[in-house]
Amino acid sequence: MKYKNELQIKKALGIENWRNLSKDKVIRFAALMPDMDKEVMLEIIKSFPEFTKYGNDLMEALKETIQKSIDKNSEDYQMGLAIIQETQAICKEQLNRTDLSDNERVLIWNNLMEVTKIIPVMTKENTKFYEFLNNKYFKATTAALGIALVFIGGKVIMDQISEQNLEDTTK
């Protein structure tokens, strides 16, 4: 659908006026940009100076969310490592006992090895978590804001190039 006026765009966003444009609606607004007439899109953006503010607020909220996730993940990871280290210490302490049978000693040793094997798995999962944050959240928000800028600037540039090409071919 090609949006030809401001009223159609407001209706598509589910708002009555631009003051009702929330952060999530800014992303939706950016997604609608390819289907808007250039003049309507530029007029809306000119009349809505808070568009940039919402974009900045969105980026700040994303930054805070990512930092909280990283902090929580780091706490969980460190706690997991501490539990493993404590378990290893208990196993080592048990292995030093003189009243253990060979079978008990082998069982404790195997338990120690099993616990130790968890560390690379935890580290790998932790790395995946950071990659997920980096690749998904940050890039998604950056892309959404970038789309808005690309459509605003790119569409205007493309239209200007098209107009210039038309002028050149008619000469």
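Please report the net charge: other residues with Cβ closer than 15 Å to the Cβ of Lys117, K and R +1, D and E -1. Please list the in-between numbers first.
On the way: positive: Lys124; negative: Glu114, Glu125.
Here the count lands on -1.
I need the calculated FRET efficiency for the pair Arg28 and Thr116, taking r as the beta carbon distance and R₀ as 30 Å, to the nearest 0.05.
Details: r = 50 Å, r/R0 = 1.65.
In this case the efficiency is close to 0.05.
Using the structure shown, list the pairs from Lys72/Lys117; Lys25/Lys128; Lys63/Lys124; Lys25/Lys68; Lys11/Lys38; Lys2/Lys25 with a Cα-Cα distance above 20 Å, or answer none. Display every interim value, and only then the final one.
Details: Lys72/Lys117 23 Å; Lys25/Lys128 30 Å; Lys63/Lys124 23 Å; Lys25/Lys68 24 Å; Lys11/Lys38 18 Å; Lys2/Lys25 18 Å.
From Lys72/Lys117; Lys25/Lys128; Lys63/Lys124; Lys25/Lys68; Lys11/Lys38; Lys2/Lys25, over 20 Å: Lys72/Lys117; Lys25/Lys128; Lys63/Lys124; Lys25/Lys68.
The simple spin-label model puts a point 7 Å past each Cα toward its Cβ; for Tyr130 and Tyr77 those points are separated by 0.5 nm. Rounded to the nearest 0.05, the FRET efficiency derived from the C-beta distance between Asp37 and Glu60 at R0 = 45 Å is 0.90.
Any read-out appearing in this document is the output of simple, stated calculations on the displayed coordinates, not a laboratory observation. Keep in mind it's a predicted model, so treat the numbers as computed, not measured. We place every Cβ from the backbone using ideal geometry, glycine too, and count neighbours over all the protein chains shown.
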